[in-house]
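Student: Have a look at this one.
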Amino acid sequence: MRATWDIFCSVVDNYGDIGVTWRLARQLVAEHGLAVRLWVDDPAAFVHLCPQADSRLLRQEQQGVEVCAWAADWHAVEPADVVIEAFACELPAVYIAAMAGREQKVLWLNLEYLSAEDWVEGCHGLPSMQSNGLSKFFFFPGFTSGSGGLLRERGLLTQRRAFQADEGAREDFLRRLGVEPVAGALLISLFAYENAALGRWLQVLAAGPQRVQLLVPEGRILSSLQDWLGGPALQVGDTRQRGQLHIQVLPFIPQDQYDRLLWSCDFNAVRGEDSFIRAQWAGRPLLWHIYEQADHAHLEKLDAFLAFYKEGLSADAQVALVALWHAWNSNGPIGECWTQLLKSWPEQTTHAEDWCLERASQADLAEALVQFYLNWL
Amino acid sequence: MKTAQEMKPNSVALIDGQPWLIQKAEFTKSGRNSAIVKMKLKNLLSGSSTETVYKADDKLEPVILDRVDVTYSYYSEPNYVFMDNEFNQYELNKDDLESVMPYIVDGMTDVCEAVFFEGKVVSVDLPTTIVRQITYTEGSARGDTSGKVMKPAKLSNGTEVKVADFCNIDDWIEIDTRTGEYKSRAKAPV
């Protein structure tokens, strides 16, 4: 009999939480043959990622995953063998009581946000003893073998390499998105939160020596783009040109298509957690817009990743990379930083692929979760 | 009930009917991750130890403990012996004293608190502020007098503390035992 897994996702804002849990649920089903229920408290957010879903349904099957509406008035269900509360969301009290009362023990996991900070390894996999006799285990995704790893589907890199090696596949994909590739242009994708530094970057791209094609999936960064461009409100499909810079607004696309967009581009600006990881699997240089926190707590997390990521780059390339990421996340002089980064472009490109391969040598998050369950049994 | 963040080392929480002594507690908050407290716990009934982690706002049930003033007397392998003012002696090993071990030095005169659970001593608490002598530190690198520039220094038992750049060997300093942080220079204890 297949092990049953329940994944609970409370959508805080944006699509990061549901993006990660939906991806994880699909992988557990497809690669590990598990019976997975994904409980989502905001079905409309889920439909954004899975357009064929119906937000009005309390239960539906999508790609082998039973997707359930996590309603405020919780109806009792039999808990699964493994229960994941994603990003420390609060499970329904009735459900926790049912877990405690279940004849067969339940593995309860709190899947945390991704961080490269040192303390993660020391806390990964530790139990949290509860007053009801249950233990909840903290599971931390991460970049080292002492952490829970990163979400990466089996065969992802093989698919990616085949796609990147096939110029026709790339052009076909872009055309299906309505994008006409600009000959000789550096192709950049831009997915970010609102960012006051954007205008300064675009100014440099527009005035630069090389043509740049900037693809912007619908999202929060559009307001910053609109501020810089001026004129009528941007709509999906709109194109604009400023000097060497060709801009196109894309629709919000499902995860598999977004992967291909990242694989198609020479440089990817990403945000949050899910797109940040996917950009690393694209093996191309990237720029991370980290989720901003009070008291600049996010900058420590940013620097922890940079300290790790920049290893192996020459000193000049390290300085350029760190300066660019800091400028993007702290409203700094990103135009100058971009110009500096371009000086080490071949090295940054090789490094992105090396980084990807090194991370891919570790167990992926889904595999690590399944292994954790088997060890726990 | 107290939050996990409020539970300090050398306090005891009742978890699922079992008394657990908190030997060590480290608070961490970063980015979007929930603030967490990593703890080293010792079961006071079975003697087993475990590491655990709680969200900082998780609720734990504290156990009210008896406390008696004691001072450190001597080390008798493998135990550290403390004495109260009626000359009763209490022996604790290194594991029992994990959170205060960095500050245990021969000849210390701090009035500590022995912590009892069901009549048995389980740990010792130090005062919030203690005074210790620096036995080694490098000279001042920049001549800083503000106290904001810090450098490493060693105490007589080998514990390393970050101190103000202007501190020297043989100086006495105040240390906050809750955080392990240097507070200021101090006069030698009488």
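The values are calculated or read from the model by the stated rules, or taken from the named source; none is laboratory data. No experiment lies behind these values; they were computed from the predicted model shown. For neighbour counting, all protein chains shown are included, and Cβ atoms are generated from backbone atoms with ideal geometry for every residue, glycine included.
Student: Could you pull out every one of the strands (runs of 3 or more DSSP E) wholly within the stretch A:188-292 that has 1 or more residues that are aromatic (Phe, Trp, Tyr) and within 14 Å of chain B (Cβ to nearest Cβ)?
Tutor: Output list reads A:286-289.
Student: Residue by residue through the stretch B:43-62, note down the ones that are touching a Pro at 6+ places or on another chain (Cβ under 6 Å) and more than 7 Å from chain A (Cβ to nearest Cβ). Spell out the reasoning first.
Tutor: Of the residues in the stretch B:43-62, the ones touching a Pro at 6+ places or on another chain (Cβ under 6 Å) are B:44, B:52.
The one that is touching a Pro at 6+ places or on another chain (Cβ under 6 Å) and more than 7 Å from chain A (Cβ to nearest Cβ): B:Leu44.
Student: Residues of the stretch B:16-26 being more than 15 Å from B:Val100 (Cβ to Cβ) and buried (at least 21 other Cβ atoms within 10 Å of the Cβ), which ones? If you could, list the steps in order and put the result at the bottom.
Tutor: Kept after step one, since they are more than 15 Å from B:Val100 (Cβ to Cβ), are these residues of the stretch B:16-26: B:16-20, B:26.
Of everything in the stretch B:16-26, just one residue is more than 15 Å from B:Val100 (Cβ to Cβ) and buried (at least 21 other Cβ atoms within 10 Å of the Cβ), namely B:Trp20.
Student: Quick one: count up the residues across the stretch A:95-119 that are among the aromatic types (Phe, Trp, Tyr) and in contact with a helix residue (DSSP H, G or I) (Cβ under 7 Å, 6 or more places away or on another chain). Explain how you work it out, then say what you get.
Tutor: Start the filter on the stretch A:95-119 by keeping residues that are among the aromatic types (Phe, Trp, Tyr), which leaves A:95, A:108, A:113, A:119.
Retained after the next criterion (residues that are in contact with a helix residue (DSSP H, G or I) (Cβ under 7 Å, 6 or more places away or on another chain)): A:108.
Residues that pass the stated criteria total 1.
Student: Let me ask something else. Assess whether B:Phe87 counts as being without any contact (Cβ under 8 Å) to a residue 60 or more places away in the chain, more than 14 Å from chain A (Cβ to nearest Cβ), assigned to a loop (DSSP other than H, G, I, E, B) and of a type outside the set (Gly, Ala, Ser). Even if it seems obvious, please write down each step before you answer.
Tutor: Details: without any contact (Cβ under 8 Å) to a residue 60 or more places away in the chain: yes; more than 14 Å from chain A (Cβ to nearest Cβ): yes; assigned to a loop (DSSP other than H, G, I, E, B): yes; of a type outside the set (Gly, Ala, Ser): yes.
Yes; evaluated as a whole, the condition is true for this residue.
Student: Within the stretch A:103-159, take every residue that is among the aromatic types (Phe, Trp, Tyr) and in contact with a strand residue (DSSP E or B) (Cβ under 8 Å, 6 or more places away or on another chain) and give me the one that is surrounded by the most Cβ atoms within 10 Å (Cβ to Cβ). If you could, list the steps in order and put the result at the bottom.
Tutor: First, pick out the residues of the stretch A:103-159 that are among the aromatic types (Phe, Trp, Tyr): A:108, A:113, A:119, A:137-140, A:143.
Imposing the further condition that a residue be in contact with a strand residue (DSSP E or B) (Cβ under 8 Å, 6 or more places away or on another chain) reduces the set to A:108, A:119, A:137-139.
Details: A:Trp108: 22, A:Trp119: 16, A:Phe137: 20, A:Phe138: 25, A:Phe139: 21.
By that ranking, first place goes to A:Phe138.
Student: Sticking with this structure for a sec: Considering the stretch A:109-138 alone, what residues qualify as being at the interface with another protein chain (Cβ under 9 Å from one of its Cβ atoms), farther than 21 Å from A:Val83 by Cβ and assigned to a loop (DSSP other than H, G, I, E, B)?
Tutor: A:Ser115, A:Glu117
Student: Which pairs have Cβ atoms under 6 Å, sit 6 or more apart or on different chains, and link a residue in the stretch A:215-242 that is assigned by TED's automatic domain parsing to the domain that holds A:Arg176 and closer than 17 Å to A:Ala269 by Cβ to one that is polar (S, T, N, Q) and part of a loop (DSSP other than H, G, I, E, B)?
Tutor: A:Ser224/A:Asn195
Student: Which one is modelled with the lowest pLDDT among residues in the stretch B:25-75 that are closer than 27 Å to A:Ala86 by Cα and basic (Lys, Arg)?
Tutor: Let us first name the residues in the stretch B:25-75 that are closer than 27 Å to A:Ala86 by Cα, namely B:25-41, B:50-61.
From what's left, basic (Lys, Arg): B:29, B:32, B:38, B:40, B:55, B:59.
Details: B:Lys29: 77, B:Arg32: 65, B:Lys38: 95, B:Lys40: 93, B:Lys55: 92, B:Lys59: 92.
This residue is B:Arg32.
Student: Something else: Checking the condition surrounded by fewer than 16 Cβ atoms within 10 Å (Cβ to Cβ) and either assigned to a helix (DSSP H, G or I) or within 14 Å of chain B (Cβ to nearest Cβ) (or both), which residue from A:Glu347, A:Glu336 passes?
Tutor: Values: A:Glu347 fails: surrounded by fewer than 16 Cβ atoms within 10 Å (Cβ to Cβ).
Only one candidate qualifies: A:Glu336.
Student: While we're here: Of the numbered conditions (1) part of a strand (DSSP E or B); (2) without any contact (Cβ under 8 Å) to a residue 24 or more places away in the chain; (3) not acidic (Asp, Glu), B:Thr179 satisfies every one except a single condition; which is it?
Tutor: All conditions pass for B:Thr179, except number (1).
Student: May I pose another question? Filter the stretch A:34-91 down to residues that are part of a loop (DSSP other than H, G, I, E, B), exposed (fewer than 14 other Cβ atoms within 10 Å of the Cβ) and small (Gly, Ala, Ser), then give me how many there are.
Tutor: Qualifying residue count, the stretch A:34-91: 3.
Student: A further question on this structure: Residues B:Lys40, B:Lys24, B:Lys8, B:Lys29: which one is of a type outside the set (A, V, I, L, M) and more than 13 Å from every other protein chain (Cβ to nearest Cβ)? Outline the logic, then answer.
Tutor: Details: B:Lys40 fails: more than 13 Å from every other protein chain (Cβ to nearest Cβ); B:Lys24 fails: more than 13 Å from every other protein chain (Cβ to nearest Cβ); B:Lys29 fails: more than 13 Å from every other protein chain (Cβ to nearest Cβ).
One residue alone meets the criteria, B:Lys8.
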